[in-house]
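Read the structure below first, then the notes.
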Amino acid sequence: MRKDFDAWAMSGLFVLVACTLLLEGCTTFLTPQEKRADAQLFSTMGNSARGTVTFIERSDGVQVTYNVAGLPPNSDHALQVHERGDCNAVDGSSAGAVFSPAAERLRAGARVEGDLGNIHADANGVATGFIVAPDVSLDGVRSVLQRSVLIHHDATDPYAWPPHGVGPALACGVIRQ
């Protein structure tokens with residue numbers, strides 16, 4: 001009887017270890033996938049800026065990676081998310097206002113969520129890099145999905161009050177998963 005119990009216990013232990021190892025291997029398939037979205041930028045009328053912007057949600061915000069060519073050499077430009085995912089207007093105006101879901105936009109000196117910051121074009125008119133945007137996400141009220149990302153002619157000044165315009169759009173793209 002003792003031999004049967006030991007054999008049964010050993011086989012049970014073997015099954016338990018095998019199941020544990022099997023489930024451990026499955027965690028790579030069961031872990032949450034990173035939230036990611038992309039925008040293909042197309043130039044607005046009379047401009048030559050084009051490229052890609054990628055949005056990846058991280059624990060400290062959304063990492064916004066950009067790779068843009070065709071910008072004026074040695075220049076700074078505002079990178080902004082706008083309310084509507086519409087780049088049909090030749091000047092980018094169909095994208096609407098800068099994305100700002102929170103009431104902070106009403107406070108003097110507050111930076112709106114869609115104003116991601118400035119990018120710098122090198123001597124060849126190429127801008128590459130990333131910005132971490134802590135006030136936007138890829139889901140919920142602050143989601144940038146199905147909105148537009150625009151590169152503007154001028155740089156933004158986050159401390160200007162009242163906020164000033166950043167000039168015409170050089171490129172526009174819809175943010176899609």
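Restricted to strands (runs of 3 or more DSSP E) entirely inside the range 40-153, no element has at least 3 residues that are touching a helix residue (DSSP H, G or I) at 6+ places or on another chain (Cβ under 8 Å) and surrounded by 15 or more Cβ atoms within 10 Å (Cβ to Cβ). With respect to the stated conditions, Asp6 is farther than 16 Å from Val174 by Cβ, at pLDDT below 95, acidic (Asp, Glu) and not assigned by TED's automatic domain parsing to the domain that holds Ala121. Taken over the range 62-84, the criterion of being under 9 Å from the mean Cα position of the chain (by Cα) and either polar (S, T, N, Q) or over 16 Å from His152 (Cβ atoms) (or both) is satisfied by Val62, Gln63, Thr65.
Looking at the range 156-163, can you tell me whether even one residue there is of a type in the set (D, E, K, R) and modelled with pLDDT under 95? Can you show your working first?
Of the residues in the range 156-163, the ones of a type in the set (D, E, K, R) are 157.
Now restrict to residues that are modelled with pLDDT under 95: 157.
Yes, some residue in the range 156-163 is of a type in the set (D, E, K, R) and modelled with pLDDT under 95.
Among residues of the range 81-99 that are of a type in the set (A, V, I, L, M), those with a beta-carbon under 8 Å from a residue that is in a helix (DSSP H, G or I) at least six positions away or on a different chain give the pairs Ala89/Ala95.
The values are calculated or read from the model by the stated rules, or taken from the named source; none is laboratory data. Just so it is clear, the structure is predicted and the values come from calculations on it, not from any experiment. Neighbour counts run over all protein chains shown; Cβ positions are idealised from the backbone, glycine included.
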